[in-house]
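A short worksheet on the structure shown next.
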Amino acid sequence: MYSITPIMAFQDNYIWALCQPDNDFCIVVDPGDAKPVQAFLQLHNKQLTAILVTHHHHDHTGGIATLRQDWPNVRVIGPSAEQDKISGLTELVQHNDTVIIENMQLNFSVIRVPGHTLGHIAFYSAPILFCGDTLFSAGCGRLFEGTPKQMLNSLNTLAALPDETQIYCTHEYTLANLAFAAYAEPDNITATNYRQTCEELRHKQLPTLPSSMAIEKKINPFLRCENKKLQQQWQANSALDLFSKIRAAKDTF
Ligand SMILES: [Zn+2]
């Protein structure tokens, strides 16, 4: 039994908080800002036991220092490959490591997902996936540091997780991504219908997340690069060629 709550930060960031009903402890993921996390913990009377960090960007790490002042024993777990760029980490992890949160009886496996940044990691505890800025609903992160090949490999790794995987990415970009998806693959009826569902959610100011891997495989053009028809439409001769083309097109969409 657990609940995962989006704590809103900045314009469109979600800091995910994982809590359990009969447990005083709480985990947060990518706290770019301490204030809304402090308010959440106070409101729900929870103790912060661990912070999971997916990558070094400030909108995912900016709250760490303050939260460590509030909770001197908090574990701050992040990518060893980005340790020079993230201050306040207390535990460094890499691909295939297991993070054990004993006081919540939770285990996360660490998955390397380079592309958006080179040391980017995801945390997976079936069916929960915290994937930072790698896989978004109907989209994927920009390639600030990695190559298209690295990002496509990372997305393929995530897509190999079970269909019921719940995708907790860190931005509410879904509607903008679905607008691009409609341009990239106009005859994708599932994506068209899903866009309507998400528009209704946003109209009620509800998050479109989590998404599921089953949905993403149907609507996310960046997970559909093996699709021959889509390759033809974009005059691409391989999955990587298609991925590179649509990633570049999205950058200027
Ligand atoms: Zn980022």
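The values are calculated or read from the model by the stated rules, or taken from the named source; none is laboratory data. Quick caveat: nothing in here was measured; it's all calculated off a predicted structure. FYI the Cβ positions are ideal-geometry reconstructions off the backbone, even for glycines, and counts take in every protein chain you see.
Sub-9 Å Cβ pairs linking a first residue in the stretch 69-97 that is farther than 17 Å from Ile111 by Cα to a second residue that is part of a strand (DSSP E or B) and basic (Lys, Arg), at least 6 apart or interchain, are Thr90/Arg75, ordered by first then second residue. Residues in the stretch 213-242 that are over 13 Å from Glu185 (Cα atoms) and touching a Pro at 6+ places or on another chain (Cβ under 8 Å): Met213, Leu240.
Are any residues in the stretch 147-157 in a helix (DSSP H, G or I) and more than 16 Å from the ligand (Cβ to nearest atom), and if so, which ones? If the condition is that a residue be in a helix (DSSP H, G or I) and more than 16 Å from the ligand (Cβ to nearest atom), then Pro148, Lys149, Leu152, Asn153, Asn156, Thr157 are the ones that fit.
The residues of the stretch 186-241 that are assigned to a loop (DSSP other than H, G, I, E, B) and within 19 Å of Pro148 (Cβ to Cβ), listed by number, are Asn220, Arg224, Cys225, Glu226, Asn227, Trp234, Gln235, Ala236, Asn237, Ser238. The set of residues in the stretch 113-137 that are under 14 Å from Ala159 (Cβ atoms) and either surrounded by 24 or more Cβ atoms within 10 Å (Cβ to Cβ) or among the aliphatic types (A, V, I, L, M) (or both) comprises Val113, Gly115, Ala122, Leu129, Cys131, Thr134, Leu135, Phe136, Ser137.
Of the strands (runs of 3 or more DSSP E) that lie entirely inside the stretch 66-146, those containing 1 or more residues that are within 15 Å of the chain's Cα centre (by Cα) span 75-79, 106-112, 121-125, 128-132. Within the stretch 33-55, take every residue that is in contact (Cβ under 8 Å) with a residue 40 or more places away in the chain and within 16 Å of the ligand (Cβ to nearest atom) and give me the one that is nearest to Asn107 (Cα to Cα). Once the filter is applied, the top-ranked residue is Leu52.
Rundown of residues vs (1) within 21 Å of Phe136 (Cβ to Cβ); (2) in contact with a Leu (Cβ under 7 Å, 6 or more places away or on another chain); (3) outside any loop (DSSP other than H, G, I, E, B); (4) not aliphatic (A, V, I, L, M), yes/no style:
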position: Ile7; (1), (2), (3), (4): yes, no, yes, no
position: Gln11; (1), (2), (3), (4): yes, no, no, yes
position: Trp16; (1), (2), (3), (4): yes, no, yes, yes
position: Cys26; (1), (2), (3), (4): no, yes, yes, yes
position: Asp33; (1), (2), (3), (4): yes, no, no, yes
position: Gln38; (1), (2), (3), (4): no, no, yes, yes
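Annotation note: of Ser211, Ser238, the sole residue that is polar (S, T, N, Q) and over 20 Å from the mean Cα position of the chain (by Cα) is Ser238.
The set of residues in the stretch 158-178 that are under 19 Å from Cys225 (Cβ atoms) and surrounded by fewer than 16 Cβ atoms within 10 Å (Cβ to Cβ) comprises Ala160, Asp163. Can you find even one residue in the stretch 81-104 that is modelled with pLDDT of 95 or more, in contact with a helix residue (DSSP H, G or I) (Cβ under 8 Å, 6 or more places away or on another chain) and either within 16 Å of the ligand (Cβ to nearest atom) or basic (Lys, Arg) (or both)? Scanning the stretch 81-104 turns up at least one residue that is modelled with pLDDT of 95 or more, in contact with a helix residue (DSSP H, G or I) (Cβ under 8 Å, 6 or more places away or on another chain) and either within 16 Å of the ligand (Cβ to nearest atom) or basic (Lys, Arg) (or both).
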